[in-house]
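Below is one structure; the comments refer to it alone.
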Amino acid sequence: MKTVDFIIVGQGIAGSVLSLILQKRGYTVMVIDNVPQSSASLIAAGIYNPIVFKRLVKSWRVDDLVPFAENFYVEMEKLFESNFLEKKKIIKIFAEQQEVDFWNKKASEMDLLNYLNPTSNESKPNVKSPFGSASVNKAGVLDVANFIQCTREHLSKSNAFLHDQFDFNSLHISEQGVTYKTIKAEKIIFCEGYKVLKNPFFSWLPFKLAKGEVLTISATDLNVTDIVNKGVFILPLSNNTYKVGATYEWKDLSEINSEKARVDLTEKLNRIITVPYEIISQEAGIRPAVIDRRPILGFHPIEKRVGVFNGMGTKGVMIAPLMADIFVNYIKDGKVLDTEISVERFYTFHKKIRQNKLGLKT
Ligand SMILES: Cc1cc2nc3c(=O)[nH]c(=O)nc-3n(C[C@H](O)[C@H](O)[C@H](O)COP(=O)(O)OP(=O)(O)OC[C@H]3O[C@@H](n4cnc5c(N)ncnc54)[C@H](O)[C@@H]3O)c2cc1C
């Protein structure tokens, strides 16, 4: 039997970041993942954008989230002796004059001064921008696949990673702790992304999953170095390749590529760039978004040794580090979790379902 403080199930962005922060605070972990060919984290573009473009407002808690996330990833780059974080501007291409006027108005607001740069009429080579463009500061991109791979290697070195399809029948919970196969722990925390809906402890949580698809294209003459956004983003990768995305779909929640997404993305791309390109690949994933668009942290209402760290939605890269830190503070020092992010805000959902099952009136 191996004994650790925490079993973590799932090693996407959420499970990776949580296990690293737990280790930083002196806890021992065993991370279990089935190592999928694709997951939301593995296909994510990895962009963090402090601005909600539709309304030109700051994204939720961005003043705290971005610096915390950047410091965390830089620290991990040093630990792993690798590079996965790149600070990069996002260039917003305007579609009409109204957007330019709105940007100018918002860019002068005190709250947004550090984020929105002035508009420019300068045309961008190979990009259609008749109404000009402007850029966003404090943005960037994480090479998520590399970060996850480095984390897995780091965990494996200390025998803290298990490649396994988690089997709920092998989990035993008692007053002394939890055991899973040959692992004994104080607690178990599930970070399964959208697969949480198959989790018998947390399937009652109100997720509103959103499928997303991205293309990888090769465009030898594009020469774009910043992230470009106009309805879709174009993210420069290496060797004249670019990621283009992403779609949002709430009905078809399969992880299968769709013709609809391919058409949608290429139509939008054709409206932005002026040079030829070739589609190299297409990928689909499911974002673990919650009805109130906030992450979910905490422990099960009855099984207090069973936790959840999920709900990263569309912004796992930016949200996960600070949320994991808050969760570990809660575990370590009992610091109260804000209702806005605590799983407790949904305890009534669990109560109702349980009462219905027992045939009791709610
Ligand atoms: C097309 C697309 C583009 C995106 N772009 C961005 C972006 O640019 N920036 C950004 O911040 N976010 C982006 N996102 C969102 C981002 O992907 C999510 O916020 C994030 O990946 C969620 O991470 P997670 O760890 O919660 O879930 P996941 O990445 O789904 O990880 C869960 C892990 O748990 C494992 N697992 C689940 N169940 C089991 C089990 N029973 N046994 C063993 N292992 C299990 C899975 O295999 C997986 O490895 C994008 C998402 C999509 C779909």
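The table below gives the values:
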read-out	value
Modelled FRET efficiency - R0 25 Å, H172 with N329, Cβ distances, 0.05 increments	0.30
Total charge dipole magnitude, the stretch 210-287, about the Cα centre, Cβ charges on Lys, Arg, Asp, Glu only, Debye to nearest 20	220 debye
Too-long pairs where the Cα-Cα distance tops 21 Å, listed order kept, from K89/K208; K106/K230; K211/K304	K89/K208; K211/K304
Virtual spin-label span in nm between T3 and R354, 7 Å along Cα→Cβ	3.0 nm
Highest average packing first - 54-67, 224-237, Cβ atoms within 10 Å	224-237, 54-67
Surrounding net charge for L85, when Lys and Arg each add one and Asp and Glu each subtract one, Cβ distance under 12 Å	-2
Mean Cα-pair separation over length for the chain, i.e. relative contact order, pairs under 8 Å, 6 or more apart, %	22 percent
Helix axis angle, 97-107 relative to the chain longest principal axis, alpha carbon, degrees	60 degrees
Paired Rg and Dmax values of the chain, which use every Cα atom, in angstrom	21.6, 67
R0 of 51 Å, Cβ-Cβ distance Q97-R25: FRET efficiency to nearest 0.05	0.50
Folded to 0 to 90 degrees: helix 13-24 orientation relative to the chain principal axis, Cα	60 degrees
Set of the stretch 303-338 residues, backbone N closer than 17 Å to the point 7 Å along the Cα-Cβ line of E77	317-318, 321
Excluding exposed DSSP-loop GluC sites (Glu not before Pro) (at most 10 other C-beta within 10 Å), longest clean stretch of the chain	176-362
Dipole magnitude of the chain about its Cα centre (Cβ charges: Lys, Arg +1; Asp, Glu -1), debye to nearest 20	1020 debye
GNM flexibility winner over the chain from A14, A45, A185 (Cα, springs under 10 Å)	A185
³J(HN,Hα) computed for each position of the stretch 118-133 - Karplus, 6.51 cos²θ - 1.76 cosθ + 1.60, integer Hz, glycine/proline x	x, 6, 9, 8, 4, 7, 9, x, 6, 10, 6, 9, x, 9, x, 8
Segment N223-K208, length gained on full extension (0.36 nm per residue, minus Cα span)	1.7 nm
Distance between the stretch 142-182 and the stretch 293-362 - C-alpha centres, whole angstrom	20 Å
Length released on extending from S238 to S156, taking residue separation times 0.36 nm less the Cα-Cα span	26.7 nm
Label zone at D252 (point 7 Å along Cα-to-Cβ), backbone N below 15 Å, the stretch 200-235	210-215
Expected 222 nm ellipticity per residue - DSSP helices of 4 or more, -39500 (n - 2.57), all of the chain, to 500	-9000 deg cm²/dmol
Cα lying deepest toward the dipole's positive end in the stretch 210-287, options T216, I279, S254, charges on Cβ	S254
Positive-pole candidate from V308, I296, N356, dipole of the chain, charges at beta carbon	N356
Residue list for the stretch 40-64, given a label point 7 angstrom along the Cα-to-Cβ vector of R293 and an amide N cut-off under 12 Å	51-61
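Readers should treat all values here as calculations from the given coordinates under stated rules, not as data from a laboratory. Owing to the predicted nature of the structure, the values given are computational and were not obtained by experimental measurement. All Cβ positions, even for glycine, are placed from backbone atoms using ideal geometry, and neighbour counts span all protein chains on display.
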